[in-house]
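Asks: Okay, here's the structure, questions in a sec.
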Ligand code: S3P
């Protein structure tokens, strides 16, 4: 079973992904880390030295290169579903779960986590909220193509895993 977690920056994909992975006995893979390993550089440097387009190419390649073996839980970067038919690829190769949070909740979670995220570097307060609202409007049509929409702050990983298994035709 391959599970892809989608959603905005700061929605908690890595935290929930690790919980799901340990409950399901599957490896956890973070797509951002895969990009960094393949490119031998960190996300902020890739953005600043090569630009976002290059990052998106690298991200799409890394997504397709993951060895999912007998299964995996994969946390994707916030922009990944919105480029290069990645959402279609994920829906063809696994079960997608959108972790949905409101712009206000995302903004408060992102306030303390800006330095590693080039898209929101230098934004705070009202400006950050405006950015999140605007980007979420652009991106949500992609996120909503996920097989499951999970209201993010509840984080009942056990119940979610049950739902994923029922969608994937694997008994819970
Ligand atoms: C991005 C989200 C980041 C990372 C990059 C771009 C985005 O991942 O891929 O900084 O476009 O939303 P997280 O969602 O894990 O923060």
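Asks: Only one of (1) within 12 Å of the ligand (Cβ to nearest atom); (2) over 17 Å from residue 119 (Cβ atoms); (3) at pLDDT below 95 fails for residue 44. Which number is that?
Replies: (2)
Asks: Residue under question is residue 110, and the condition is that it be in contact (Cβ under 8 Å) with a residue 24 or more places away in the chain, within 16 Å of the ligand (Cβ to nearest atom), surrounded by 15 or more Cβ atoms within 10 Å (Cβ to Cβ) and within 14 Å of the chain's Cα centre (by Cα); does it hold?
Replies: no
Asks: Right, something else. Any idea which of 80, 157 is within 14 Å of the ligand (Cβ to nearest atom) and either modelled with pLDDT of 95 or more or within 22 Å of residue 1 (Cα to Cα) (or both)?
Replies: 80
Asks: Could you pull out the residue among 122, 69, 77 that is out of contact with any helix residue (DSSP H, G or I) (no Cβ under 9 Å at 6 or more places or on another chain) and in contact (Cβ under 8 Å) with a residue 12 or more places away in the chain?
Replies: Going through 122, 69, 77 in turn, just one is out of contact with any helix residue (DSSP H, G or I) (no Cβ under 9 Å at 6 or more places or on another chain) and in contact (Cβ under 8 Å) with a residue 12 or more places away in the chain: 69.
Asks: Hey, another quick one. At pLDDT below 95, within 11 Å of the ligand (Cβ to nearest atom) and assigned to a helix (DSSP H, G or I): is that true of residue 62 in this structure?
Replies: no
Asks: State whether one or more residues within the range 84-106 are crowded, with 21+ Cβ neighbours inside 10 Å, near the ligand (Cβ under 10 Å from one of its atoms) and closer than 25 Å to residue 41 by Cβ.
Replies: Looking through the range 84-106, none of the residues is crowded, with 21+ Cβ neighbours inside 10 Å, near the ligand (Cβ under 10 Å from one of its atoms) and closer than 25 Å to residue 41 by Cβ.
Asks: Something else about it: Considering only the range 125-152, state which residues are surrounded by 13 or more Cβ atoms within 10 Å (Cβ to Cβ) and outside any helix (DSSP H, G or I).
Replies: Initially, the range 125-152 is screened for residues surrounded by 13 or more Cβ atoms within 10 Å (Cβ to Cβ), giving 128-133, 135-136, 139-140, 142-150, 152.
Correct list: 144, 145, 146, 147, 148, 149, 150, 152.
Asks: Evaluate the range 19-29: report whether one residue or more is surrounded by 14 or more Cβ atoms within 10 Å (Cβ to Cβ), under 12 Å from the mean Cα position of the chain (by Cα) and touching a residue at least 24 places away in the same chain (Cβ under 8 Å).
Replies: Yes, the range 19-29 has at least one match.
Asks: Still on this structure, I have one more. Do you know which of the residues in the range 8-53 that are out of contact with any helix residue (DSSP H, G or I) (no Cβ under 7 Å at 6 or more places or on another chain) and outside any helix (DSSP H, G or I) is nearest to residue 82 (Cα to Cα)?
Replies: Looking at the filtered set, the residue picked out is 51.
The values are calculated or read from the model by the stated rules, or taken from the named source; none is laboratory data. Predicted model, so just to flag it, every value in this text is computed and none were measured. Quick reminder, even Gly has a Cβ in these numbers, built from the backbone with ideal geometry, and neighbours come from all protein chains shown.
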